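Undergrad: Take a look at this one; I'll ask things after.
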Amino acid sequence: MSLEGPTGLFQYPVTKLAMICTGAIPLLAAIGGYKYLFITRYDPFISEYHQYYRLLTFQLASINESNVVLSILIWYQFRHLERLMGSYKYFSVITLLFLYTTLIISCSNLIFNAFLPWNIWNRFPSGSLPLLLSLFHFYKQYTPQIYQFEILLTKPIFSKSKDHNKQMKWELNDHFFLNTLIFILILNQDFVGIICGFVSWLCGVFVDKHLLPGLNKWRLPYIWRYFNEYKSVQYTSGTNNVDPTVGIIMSSNTYNNGQQFSSTTSVNTLLHNGNSHANNNNNNNNGSSNNGIGINISNPLQTQGTTQTTEEENAADEPVRPLGVQFLDTFRR
Amino acid sequence: MEINGNTLVFLILILFLFFSSPGGDGVASQYEFTQLEKLRNQFTTEYESFQNMTYTDNFRNITGFKLSYQDIITNREINATYPIENKDYTHWANNQTYLLLPDRLIDTINTKVWSTPGGSPNNIFPPNITTSMTGHIELVANDEYTPIRMPVPNYFEPPTDFAENNPPGGEQYYDEWPNYGELHNVTFQNGELNIQVTHLDQVHTELNQNAKYKKRFNSQDGRWKLLNLKIEFFDKLEKEKHVSSSIAVYDIRRGRILGMSQSSKFHSLFALPHYMNLRNEENNEIFSEVKLLIKEYWNTSNYVDTLTMSDLDQLYDNALTKCEYMAFLQLEPWSQYTKDQIKQIDDELDWPIGRPVNISHIPPVSIKSGLLYSPDCGVQLQFNDVKGPRTELKVRTIRIHIIIGILLFAAQIYLLLCQMQHTNTPSSINKISFYSFSMINLVDGSLATLYFVAASVLPELYLPLVLSSFLSFILASIFETRYMISIYASQVNEAHVGILTLLRGHLRNEDDHVPRTTIVPDEASISGRLYGRFFFSLIIFIFVVSSSTSWPRKIRMIFEYIAIFALNSYWVPQIFRNTIKGIASRRDRRRNNSPTNRRQNEMPLLWRFILGTTVIRTLPIIYVFTYSANIFRHHRDVTFVVVLSLWLIFQIAILYSQDILGSRWFLPQHSIPEGYTYFKPISLQHSIEHGGGSKDEPYTVDCAICMSPVPVYIEEVEGTHKVDIHSYMVTPCNHIFHTECLENWMGYKLQCPVCRSSLPPL
């Protein structure tokens, strides 16, 4: 397993879709003059105008440009999650978390405003902040820290000690960029961002711990074919020099992957006999044991990572060029 | 020009001179300073007299109101110098003794125009009426009323020489107006009318117009509004055009609007309170409220201190070139709404956040009855059927149109990319007409410029306009121009070659002694030349089009029809090009289909591209010419659209017939010269020139591409007659290659690999 995931969005269809949507929806809304559809306030939209559709739309697009940029960057960082879960499951989890966060934030807002006389929680967050925060839990839980580094500040201006030669040390790890982005995203929406961010992070935790059901059961209907086809197209395109059996294994792998994360056994038994049983057990333990999940989970990720990288190497191969074309290409280039 | 330090400094200096203007009030000489001081003094004295005025007072020294209609009837040659002998300055009544209006007109206004009673709950008028209305205007009388003499002060005249410091005094009466600008009369019976209404809620408080700070002044915002009213009317052929802009007062409770033009002979601002109270209702309340409104406007905007030279010039210009107009308008009430609903509609239009308002069903702002009277020209006009949507609603409609335009641009870019993908070798690009694409490119380029200019003019539509401008710009100047560069590069060989030679496809032997350049200019120099040509033709075209909008209607229409027709003949050059290149019929192409040169035998343009481009480019024209309520207010002409569509269908039909029957089917057989054929037997001498082959393989020639021997068909040698003449190719420069090798090479360049002389495409 490589330490860092591959850069770029090759074979990250869901991440790509999320990034494009995060950018395109606000842009199109701005061009069409319909940005206001994504603003939600309790007063006047819910209490006075009864526009309940706004409870569903506030997560779809950010009003603020900086939020759009931040969200796109965070989606890019989250592509590890897609690698870990597989595209189909990732997509299903995103929709599940979207529904849960929307439901919980909307309901709690309605209840809050109905029972408390003064209107203190009026604003809703704008953009996919709740969804990103709940996915942030998954990211933190299942992505191991790869490296740490320290920044040494020789003469800190604000150090209280008289000894100016004393060095100040910042310890940072590879997650720090994502942490910073999330931090800015939350601060960008001030109080609402902090409250709703916290609620949706809790929502992510609950889904992960199966307090809120659906992580393993909920799959989007009908569209799984699309992901399977997507994968198989990717695989068959590079099968020029590859043993055909590998191609078949790969497609069955993705199918299982799409079905359920924990039942990738058929593939793993073929490829890594000893390993997969352990993985399987680990996965089954996930729901009950709270300790050491990160370590346990990272094993299937390993096997998957290796298979995918070999796959990418094959897919990147150029098709065979006839001699004449090669000859002419040398002239041309 | 080389840019070094000196030229840079020079450029900056020039630009500075260009963009710097006399700051502040625009005064550039002692003479102008005195002029402006005089104007300020005049306004200040008149304002003082206005301040002391009550409803029972007559106008005293207000410019333009010194005489009344009765005065001019009594004595036609009376001079308007304050004070006039025997004139009653201490009383006031609504009749022609005190007003500029004849009694008959006052009666018409009171009974027919301002006849809607205000204040009742059924008659609610919208407080915000920002709109541009259209309608018809009808001449009631242009010789019944005596024109009122209005002198123009002489100090407005520009200086006659540089040494002059003091403008002349006195006033001048014009009996014959200088013959420029508008006609001082209205001669047509029926005409078209445009009215633009914008609200004057905030004013600059300082001379510096760039200051962002604007101040609200109106303390009676719920009852009175100050408007900018621009009235434009002209006859159907647009031979006679009148424009009048004025400050107007809008009475929200009664739905009345009064606008009077302002010039150096007519200071109407001070007369608004009197004329607004023409019906003399409610105890002079109207008079005092309007007076307060004018006062607040005057004081907040620092009216006298913010006067500039350009204001002075404008006042003088208006006085000389135009009639003064007084407009009395009565709005149609919005009876179906309550006050709260109207407020909500206004808020939603002003700042849309999705309030529960049905925006698509808001009624238009319409004028129930209107009257336009010119006191100094004696012209009375009447408005009919004047209405228009709120400006915000209009902007929404325009936005939808622009978005549809964006989709069309995106579709065009996609189609062009497909087409570029389809013809990716010089041989296939060679068959495409350069001029077809220049015509398409010209239209796209001018659209890009148009959108770009519009984006800076219409800030409320900035985003969609900039996006369309961006899309059309990359379509025109990146994709299309790139494609044109490669078309041009592939056709450079043919420069200065006659059509007959082109039809034949190669040079006749007797032409061989003419020196031909074999060195093809590189793409960089071609692209520089083409970009230059592109921008030059673009600028010329845009200049012509923009100036054509101000031409008289008839010439403009002829120009428009010819231009649209010409620019929609974009497939004609391609038909011509197909004929020159002589593409075989579809059946022949199928028969000779070999895998290596399949692309080179296809029709150069994709059918998808031809049909898609035609539809994309015709849809807007069909919309503008057939949908009478289109946003450009273009007139309806179905016949032209039908003719244009038939012309386009005819072009496409010819292209299709060329695809099916071969591109030269309409030329008589004997007029088509024989083209060059690469497949032919060679003479023994020719083969000897090429070395004649080795001992092992006699009668072969070395192929310079794959370095292996090519067996050839030699006429004189019987033994070689088994060789297929389609297995090798002889170039016009007499070099011999394998068919496969040379066809592959011709996919990259149409030059002989050995001697670099140009090759006729397959």
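Undergrad: Restrict the check to segment A:5-22 and report whether at least one residue is free of Cβ contacts under 8 Å to residues at least 40 places away in the same chain, within 14 Å of chain B (Cβ to nearest Cβ) and part of a helix (DSSP H, G or I).
TA: No; the residues of segment A:5-22 include none that is free of Cβ contacts under 8 Å to residues at least 40 places away in the same chain, within 14 Å of chain B (Cβ to nearest Cβ) and part of a helix (DSSP H, G or I).
Undergrad: Okay, next question. For segment B:133-155, indicate whether the set of residues that are in the same structural domain as residue B:337 (by TED's automatic domain parsing), among the β-branched types (Val, Ile, Thr) and part of a loop (DSSP other than H, G, I, E, B) is non-empty. First the steps, then the outcome.
TA: Looking only at segment B:133-155, we keep the residues that are in the same structural domain as residue B:337 (by TED's automatic domain parsing), and these are B:133-155.
Keeping just the survivors that are among the β-branched types (Val, Ile, Thr) gives B:134, B:137, B:140, B:146, B:148, B:152.
Next, from what is left, pick out any that are part of a loop (DSSP other than H, G, I, E, B): B:146, B:148.
Checked segment B:133-155: at least one residue is in the same structural domain as residue B:337 (by TED's automatic domain parsing), among the β-branched types (Val, Ile, Thr) and part of a loop (DSSP other than H, G, I, E, B).
Undergrad: What about residue A:74, is it within 14 Å of another protein chain (Cβ to nearest Cβ), buried (at least 18 other Cβ atoms within 10 Å of the Cβ) and assigned to a helix (DSSP H, G or I)?
TA: On the way: within 14 Å of another protein chain (Cβ to nearest Cβ): no; buried (at least 18 other Cβ atoms within 10 Å of the Cβ): yes; assigned to a helix (DSSP H, G or I): yes.
So residue A:74 does not fit the description; no.
Undergrad: In segment B:364-420, which residue that is aliphatic (A, V, I, L, M) and touching a strand residue (DSSP E or B) at 6+ places or on another chain (Cβ under 8 Å) is farthest from residue B:614 (Cα to Cα)? Before the answer, list the steps.
TA: Kept after step one, since they are aliphatic (A, V, I, L, M), are these residues of segment B:364-420: B:365, B:367, B:371-372, B:379, B:381, B:386, B:393, B:395, B:398, B:400, B:402-404, B:406-408, B:410-411, B:413, B:415-417, B:420.
Imposing the further condition that a residue be touching a strand residue (DSSP E or B) at 6+ places or on another chain (Cβ under 8 Å) reduces the set to B:365, B:367, B:371-372, B:379, B:381, B:386.
On the way: B:365: 39, B:367: 42, B:371: 48, B:372: 48, B:379: 51, B:381: 47, B:386: 38 Å.
This residue is B:379.
Undergrad: Give segment B:234-279 a look and list any residue that's hydrophobic (A, V, I, L, M, F, W, C) and either under 18 Å from residue B:196 (Cβ atoms) or not assigned by TED's automatic domain parsing to the domain that holds residue B:44 (or both), or say none. Write out each step before concluding.
TA: Of the residues in segment B:234-279, the ones hydrophobic (A, V, I, L, M, F, W, C) are B:234, B:237, B:243, B:247-249, B:252, B:257-258, B:260, B:266, B:269-272, B:276, B:278.
Correct list: B:234, B:243, B:247, B:248, B:249, B:257, B:258, B:260.
Undergrad: Another one. Give the residues of segment A:26-53 that are within 9 Å of chain B (Cβ to nearest Cβ) and crowded, with 21+ Cβ neighbours inside 10 Å, sorted by residue number.
TA: A:45
Undergrad: Sort through B:34, B:111, B:81 and tell me the only one that's assigned by TED's automatic domain parsing to the domain that holds residue B:290 and in contact with a strand residue (DSSP E or B) (Cβ under 9 Å, 6 or more places away or on another chain). It would help to see each step written out before you state the result.
TA: Values: B:34 fails: in contact with a strand residue (DSSP E or B) (Cβ under 9 Å, 6 or more places away or on another chain); B:111 fails: in contact with a strand residue (DSSP E or B) (Cβ under 9 Å, 6 or more places away or on another chain).
None of the other options fit; the residue is B:81.
Undergrad: Looking for whichever is touching a residue at least 60 places away in the same chain (Cβ under 8 Å), more than 22 Å from residue B:196 (Cβ to Cβ) and surrounded by 18 or more Cβ atoms within 10 Å (Cβ to Cβ) here; the options are B:329, B:372, B:293, B:312. Which one fits? Reasoning before the result, please.
TA: Numbers: B:329 fails: more than 22 Å from residue B:196 (Cβ to Cβ); B:372 fails: more than 22 Å from residue B:196 (Cβ to Cβ); B:293 fails: more than 22 Å from residue B:196 (Cβ to Cβ).
After applying the criteria, what remains is B:312.
Undergrad: Of the residues that sit in segment A:89-140 and are in contact with a helix residue (DSSP H, G or I) (Cβ under 9 Å, 6 or more places away or on another chain) and β-branched (Val, Ile, Thr), which one is surrounded by the most Cβ atoms within 10 Å (Cβ to Cβ)?
TA: Applying the filter and picking the extreme gives A:101.
Undergrad: Residue B:228: in the same structural domain as residue B:117 (by TED's automatic domain parsing) and on the phi > 0 side of the Ramachandran plot, yes or no?
TA: On the way: in the same structural domain as residue B:117 (by TED's automatic domain parsing): yes; on the phi > 0 side of the Ramachandran plot: no.
No: the conditions fail for residue B:228.
Undergrad: Now a separate question. Listed residues B:471, B:461, B:475, B:450; which is touching a residue at least 60 places away in the same chain (Cβ under 8 Å), closer than 23 Å to residue B:531 by Cβ, of a type in the set (A, V, I, L, M, F, W, C) and within 14 Å of chain A (Cβ to nearest Cβ)?
TA: Values: B:461 fails: closer than 23 Å to residue B:531 by Cβ; B:475 fails: within 14 Å of chain A (Cβ to nearest Cβ); B:450 fails: within 14 Å of chain A (Cβ to nearest Cβ).
Going through B:471, B:461, B:475, B:450 in turn, just one is touching a residue at least 60 places away in the same chain (Cβ under 8 Å), closer than 23 Å to residue B:531 by Cβ, of a type in the set (A, V, I, L, M, F, W, C) and within 14 Å of chain A (Cβ to nearest Cβ): B:471.
Undergrad: Taking residue A:79 as the residue in question, decide whether it is out of contact with any His (no Cβ under 6 Å at 6 or more places or on another chain), within 14 Å of chain B (Cβ to nearest Cβ) and buried (at least 20 other Cβ atoms within 10 Å of the Cβ). Walk me through it before giving the result.
TA: Values: out of contact with any His (no Cβ under 6 Å at 6 or more places or on another chain): yes; within 14 Å of chain B (Cβ to nearest Cβ): no; buried (at least 20 other Cβ atoms within 10 Å of the Cβ): yes.
Here the answer is no, as residue A:79 does not meet what is asked.
Undergrad: Which one is nearest to residue B:149 (Cα to Cα), of the residues in segment B:375-395 that are surrounded by fewer than 19 Cβ atoms within 10 Å (Cβ to Cβ) and in contact with a Pro (Cβ under 9 Å, 6 or more places away or on another chain)?
TA: Per the stated criteria, the residue is B:387.
Let's see how each residue does on (1) closer than 30 Å to residue B:184 by Cβ; (2) within 14 Å of chain A (Cβ to nearest Cβ); (3) in a helix (DSSP H, G or I); (4) not hydrophobic (A, V, I, L, M, F, W, C):
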{"site": "B:323", "(1), (2), (3), (4)": "yes, no, no, no"}
{"site": "B:357", "(1), (2), (3), (4)": "no, yes, no, no"}
{"site": "B:363", "(1), (2), (3), (4)": "no, no, no, yes"}
{"site": "B:371", "(1), (2), (3), (4)": "yes, no, no, no"}
{"site": "B:383", "(1), (2), (3), (4)": "yes, no, no, no"}
{"site": "B:398", "(1), (2), (3), (4)": "no, yes, yes, no"}
{"site": "B:419", "(1), (2), (3), (4)": "no, no, yes, yes"}
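Undergrad: Got at least one residue in segment B:585-602 being of a type outside the set (Gly, Ala, Ser), in contact with a Lys or Arg (Cβ under 8 Å, 6 or more places away or on another chain) and at pLDDT below 85?
TA: So in segment B:585-602, the residues of a type outside the set (Gly, Ala, Ser) come out as B:586-593, B:595-602.
Adding the requirement that they be in contact with a Lys or Arg (Cβ under 8 Å, 6 or more places away or on another chain) leaves B:601-602.
In the following step, the residues that additionally are at pLDDT below 85 were identified as B:601-602.
Checking segment B:585-602: at least one residue is of a type outside the set (Gly, Ala, Ser), in contact with a Lys or Arg (Cβ under 8 Å, 6 or more places away or on another chain) and at pLDDT below 85.
Undergrad: Is it the case, given these coordinates, that residue A:95 is farther than 27 Å from residue A:11 by Cβ, away from chain B (no Cβ under 14 Å) and under 19 Å from the mean Cα position of the chain (by Cα)?
TA: Working: farther than 27 Å from residue A:11 by Cβ: no; away from chain B (no Cβ under 14 Å): yes; under 19 Å from the mean Cα position of the chain (by Cα): yes.
When the stated conditions are applied, residue A:95 does not pass them.
Undergrad: Starting from residues that are assigned to a loop (DSSP other than H, G, I, E, B) and surrounded by fewer than 19 Cβ atoms within 10 Å (Cβ to Cβ), keep the ones in segment B:104-117 and report whichever is modelled with the highest pLDDT.
TA: Taking segment B:104-117 and keeping what is assigned to a loop (DSSP other than H, G, I, E, B), we get B:114-117.
Checking which are surrounded by fewer than 19 Cβ atoms within 10 Å (Cβ to Cβ) leaves us with B:115-117.
On the way: B:115: 81, B:116: 75, B:117: 71.
Out of the qualifying residues, it is B:115.
Undergrad: Here's a follow-up. If residue B:412 passes every condition in (1) within 14 Å of chain A (Cβ to nearest Cβ); (2) out of contact with any Pro (no Cβ under 9 Å at 6 or more places or on another chain) but one, which one does it miss?
TA: So the condition that residue B:412 fails would be (1).
Undergrad: Take the residues of segment B:421-457 that are outside any helix (DSSP H, G or I) and not hydrophobic (A, V, I, L, M, F, W, C): which is surrounded by the fewest Cβ atoms within 10 Å (Cβ to Cβ)? Step through it out loud before you land on a result.
TA: From segment B:421-457, those outside any helix (DSSP H, G or I) are B:423-425, B:430-433; that's our starting set.
Those left that are additionally not hydrophobic (A, V, I, L, M, F, W, C): B:423-425, B:430-431, B:433.
On the way: B:423: 25, B:424: 11, B:425: 19, B:430: 23, B:431: 24, B:433: 23.
The extreme case among them is B:424.
Undergrad: For segment B:411-427: of the residues being out of contact with any Phe, Trp or Tyr (no Cβ under 9 Å at 6 or more places or on another chain) and modelled with pLDDT under 95, which is farthest from residue B:458 (Cα to Cα)?
TA: Checked segment B:411-427; the qualifying residue farthest from residue B:458 (Cα to Cα) is B:427.
Undergrad: Mind counting the residues in segment B:736-748 that are more than 9 Å from chain A (Cβ to nearest Cβ) and either under 23 Å from residue B:699 (Cβ atoms) or surrounded by fewer than 21 Cβ atoms within 10 Å (Cβ to Cβ) (or both)? It would help to see each step written out before you state the result.
TA: Here is the first cut: in segment B:736-748, the residues more than 9 Å from chain A (Cβ to nearest Cβ) are B:736-739, B:742-743, B:746.
If we keep only those that are either under 23 Å from residue B:699 (Cβ atoms) or surrounded by fewer than 21 Cβ atoms within 10 Å (Cβ to Cβ) (or both) as well, we get B:736-739, B:742-743.
So the answer is 6.
Undergrad: Do we have residue A:61 as within 25 Å of residue B:356 (Cβ to Cβ), at pLDDT below 90 and not acidic (Asp, Glu) here?
TA: Details: within 25 Å of residue B:356 (Cβ to Cβ): yes; at pLDDT below 90: no; not acidic (Asp, Glu): yes.
When the stated conditions are applied, residue A:61 does not pass them.
Undergrad: Then there's this: Only residues that are aliphatic (A, V, I, L, M) and within 20 Å of residue A:37 (Cα to Cα): list them for segment B:335-372, please.
TA: B:345, B:349, B:353, B:357, B:359
Undergrad: So which of B:103, B:107, B:88 is of a type in the set (D, E, K, R) and over 48 Å from the mean Cα position of the chain (by Cα)?
TA: Within the list B:103, B:107, B:88, the selection yields B:88.
Undergrad: Are any residues in segment A:35-53 under 12 Å from residue A:124 (Cα atoms) and without any contact (Cβ under 8 Å) to a residue 60 or more places away in the chain, and if so, which ones?
TA: Start the filter on segment A:35-53 by keeping residues that are under 12 Å from residue A:124 (Cα atoms), which leaves A:38-43, A:45-46.
Once the filter is applied, which keeps residues that are under 12 Å from residue A:124 (Cα atoms) and without any contact (Cβ under 8 Å) to a residue 60 or more places away in the chain, segment A:35-53 yields only A:45.
The values are calculated or read from the model by the stated rules, or taken from the named source; none is laboratory data. Fair warning: this is a prediction, and the values are worked out from it, not measured in the lab. So basically every Cβ, Gly included, is an ideal-geometry build from the backbone, and we count neighbours across all protein chains shown.
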